[in-house]
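*Asks:* This is the structure, below, for whatever I ask next.
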Amino acid sequence: MTPVDDSIKRPQPPPLDQLLPAEPLLLMTAGPVPVPAEVARAGSLVINHVGETMAMVVRHIREMARYVFQTADAKIYGVSGPASAAMEMAMTNLLWPGRRVLVLRNGLFSGRFAEMAEGVGADVTILQDPSGGPVTAPQVAEALKTASYDVVTMVQGETSCGVYTRDLDEIVALSRSHGALTVVDAVCTLSTMPLKKDEWGIDVVVTGSQKGLSSLPGVSLISFSDRAWEVAAQRSAPRPHWCLDVLRAERFWGESKYHYTAPVPALLALHEALRLIIEETLERRFLRHLHSSLSLQKGVEAMGLKLYTPPLTRLNSVLAIEIPEGVDDAVARKYMTDRFKVLIADAFGINAVRIGQMGEQCRAPNLFRTLHALGVAFSRQGLALDSSAGMAAMEQHLAEFAEDVL
Ligand SMILES: Cc1ncc(COP(=O)(O)O)c(C=O)c1O
């Protein structure tokens with residue numbers, strides 16, 4: 001036997017079973033979210049990353065993704081990596097030095113496009129509303145009067161603060177009429193609320209798998225209109241990314257050839273997640289999400305807590321709840337995990353906690369467990385909350401609007 005370097009200690013990690021809690025936490029954060037059994041099973045399988053079976057899986061994923069994106073786009077790709085990798089694919093293929101981008105920013109994730117665009121040397125302009133609310137169509141119209149842009153980026157749902165871009169379709173139409181390509185982050189919203197890629201004329205949509213789609217993290221999806229793809233395909237500027245290059249991605253996704261080794265289990269899981277969405281239908285899924293979130297909102301308010309975002313721009317897919325004075329939210333969240341095995345999220349420095357309403361999170365038992373845990377955890381810190389009124393209000397909304405979909 002060849003001796004190994006004995007200055008490097010041989011570690012002795014415990015088996016995973018000993019690390020994982022006996023009862024897994026209910027994931028009610030802004031993602032990843034719980035996955036259906038079919039998705040979990042598919043995610044435990046490995047098949048060859050190329051060949052006839054994989055080609056069929058890929059073909060179905062593309063076809064199902066078209067339905068979910070509401071598009072006839074030919075150029076749809078899975079991207080190995082988080083949703084940020086799909087955002088980066090959009091930025092790195094459409095932008096390079098000399099190209100101009102207008103980034104509509106109203107939080108951490110919409111602002112990420114600007115960081116990525118700067119990284120590839122584009123000329124970046126950021127437009128934001130001083131209130132922190134979503135950028136509106138009149139603000140975009142004003143910005144487009146004074147300068148021209150090759151690309152305009154925006155987010156449909158800004159997860160970091162629970163804000164929804166109400167004017168999205170109008171902003172897309174405006175940008176298009178000024179000759180700009182549009183890139184939309186639908187990472188937390190896809191399949192939770194309407195997004196009509198073709199009807200609204202969006203050029204590129206990106207999404208993650210671990211949120212609305214209720215699949216495993218690790219693969220994201222991106223869809224290019226023909227005109228966006230042509231811009232990327234015809235660029236003469238150097239292509240700084242190899243994995244994220246759309247021409248190379250087309251080899252695997254369009255021609256069933258090797259690009260890099262595909263993340264097989266995550267793709268199989270995505271196949272199942274998309275299939276379950278098709279089975280449910282988008283119409284029923286939107287309704288399930290809407291009423292699940294509204295029920296929770298009714299419950300939160302009836303209990304005596306305040307929602308962080310005003311109703312007009314409130315994102316239903318991730319709900320931000322104001323932290324009342326005197327409450328230490330970290331202590332409350334820890335209590336929720338220790339006592340009730342429910343995990344909710346903090347909010348990147350904003351005075352709110354966030355509860356996800358995406359995919360499998362939108363099921364009645366999860367709502368009751370989460371609202372109850374939240375009420376108890378906040379009340380323990382001396383806050384006068386009426387938990388029973390909250391649960392009753394939620395039950396009433398569910399009974400009236402959502403019994404058959406949730
Ligand atoms: C709206 C939005 N965009 C982008 C991202 C980035 O996703 P990922 O962490 O998978 O890269 C997130 C993640 O929470 C998000 O909510």
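*Asks:* Show the residue pairs that are 6+ apart or on different chains and have beta-carbon atoms under 6 Å apart, the first residue being within segment 254-266 and assigned by TED's automatic domain parsing to the domain that holds C243 and among the hydrophobic types (A, V, I, L, M, F, W, C), the second being crowded, with 18+ Cβ neighbours inside 10 Å and part of a loop (DSSP other than H, G, I, E, B).
*Replies:* Close Cβ pairs satisfying both conditions: A266/L216; A266/G218.
*Asks:* Restricting the search to segment 327-357, which residues are of a type outside the set (A, V, I, L, M), surrounded by fewer than 23 Cβ atoms within 10 Å (Cβ to Cβ) and modelled with pLDDT of 95 or more?
*Replies:* So the first thing to find is which residues in segment 327-357 are of a type outside the set (A, V, I, L, M), and the list is 328-329, 333-335, 337-341, 346, 348-349, 351, 354, 356-357.
Then drop every residue that is not surrounded by fewer than 23 Cβ atoms within 10 Å (Cβ to Cβ), which leaves 328-329, 333-335, 337-341, 346, 348-349, 351.
Of everything in segment 327-357, those that are of a type outside the set (A, V, I, L, M), surrounded by fewer than 23 Cβ atoms within 10 Å (Cβ to Cβ) and modelled with pLDDT of 95 or more turn out to be D328, D329, R333, K334, Y335, T337, D338, R339, F340, K341, D346, N351.
*Asks:* Can you run down the residue pairs with Cβ atoms below 7 Å, 6 or more apart or on separate chains, where the first is in segment 143-156 and at negative phi and within 16 Å of the ligand (Cβ to nearest atom) and the partner is part of a helix (DSSP H, G or I) and not acidic (D, E)?
*Replies:* From residues that are at negative phi and within 16 Å of the ligand (Cβ to nearest atom), the pairs are T153/F113; M154/S110; M154/L168; M154/I171; V155/F109; V155/S110; Q156/L168.
*Asks:* Additional query: If you go through segment 250-257 one residue at a time, do you hit one that is among the hydroxyl-bearing types (S, T, Y) and more than 16 Å from the ligand (Cβ to nearest atom)?
*Replies:* Initially, segment 250-257 is screened for residues among the hydroxyl-bearing types (S, T, Y), giving 256.
Next cut, more than 16 Å from the ligand (Cβ to nearest atom) only: 256.
The answer is yes; a qualifying residue exists.
*Asks:* Run down A40, A74 and say which single residue is touching a residue at least 12 places away in the same chain (Cβ under 8 Å), of a type in the set (G, A, S), in contact with a helix residue (DSSP H, G or I) (Cβ under 9 Å, 6 or more places away or on another chain) and outside the structural domain of I222 (by TED's automatic domain parsing). Before the answer, list the steps.
*Replies:* Values: A74 fails: outside the structural domain of I222 (by TED's automatic domain parsing).
Within the list A40, A74, the selection yields A40.
*Asks:* If you go through segment 307-315 one residue at a time, do you hit one that is in contact with a helix residue (DSSP H, G or I) (Cβ under 8 Å, 6 or more places away or on another chain) and either part of a helix (DSSP H, G or I) or buried (at least 22 other Cβ atoms within 10 Å of the Cβ) (or both)?
*Replies:* No - not one qualifying residue is present in segment 307-315.
*Asks:* Tally the residues that are buried (at least 23 other Cβ atoms within 10 Å of the Cβ) and within 16 Å of the ligand (Cβ to nearest atom), restricting the search to segment 180-208.
*Replies:* 18
*Asks:* While we're on this one: Could you tell me which residue of segment 5-33 is nearest to the ligand (Cβ to nearest atom), considering only residues that are at negative phi and buried (at least 19 other Cβ atoms within 10 Å of the Cβ)?
*Replies:* Our first condition is that a residue be at negative phi; within segment 5-33, this holds for 5-30, 32-33.
From the residues that got through so far, the ones that are buried (at least 19 other Cβ atoms within 10 Å of the Cβ) too are 26-30, 32-33.
On the way: L26: 18, L27: 13, M28: 14, T29: 9, A30: 5, P32: 9, V33: 11 Å.
If we take residues in segment 5-33 being at negative phi and buried (at least 19 other Cβ atoms within 10 Å of the Cβ), then A30 is nearest to the ligand (Cβ to nearest atom).
*Asks:* Give the number of residues within segment 86-114 that are within 15 Å of the ligand (Cβ to nearest atom) and of a type outside the set (S, T, N, Q).
*Replies:* Qualifying residue count, segment 86-114: 16.
*Asks:* Against the definition (in the same structural domain as G157 (by TED's automatic domain parsing), within 15 Å of the ligand (Cβ to nearest atom) and farther than 18 Å from Y67 by Cα), how does L216 come out, yes or no?
*Replies:* Details: in the same structural domain as G157 (by TED's automatic domain parsing): yes; within 15 Å of the ligand (Cβ to nearest atom): yes; farther than 18 Å from Y67 by Cα: yes.
So L216 fits the description; yes.
*Asks:* Working carefully through the options E395, E400, find the one that is within 30 Å of E279 (Cα to Cα) and at pLDDT 95 or above.
*Replies:* Details: E400 fails: at pLDDT 95 or above.
Of the residues listed, the single one that is within 30 Å of E279 (Cα to Cα) and at pLDDT 95 or above is E395.
*Asks:* Within the group A117, A83, which residue is within 11 Å of the ligand (Cβ to nearest atom) and either touching a residue at least 12 places away in the same chain (Cβ under 8 Å) or of a type in the set (K, R) (or both)?
*Replies:* A83
*Asks:* Just checking, which of A330, A347 is outside the structural domain of D167 (by TED's automatic domain parsing) and not in a loop (DSSP other than H, G, I, E, B)?
*Replies:* A330
The values are calculated or read from the model by the stated rules, or taken from the named source; none is laboratory data. As the structure is a computational prediction, the values presented were derived from the model and not from experiment. We place every Cβ from the backbone using ideal geometry, glycine too, and count neighbours over all the protein chains shown.
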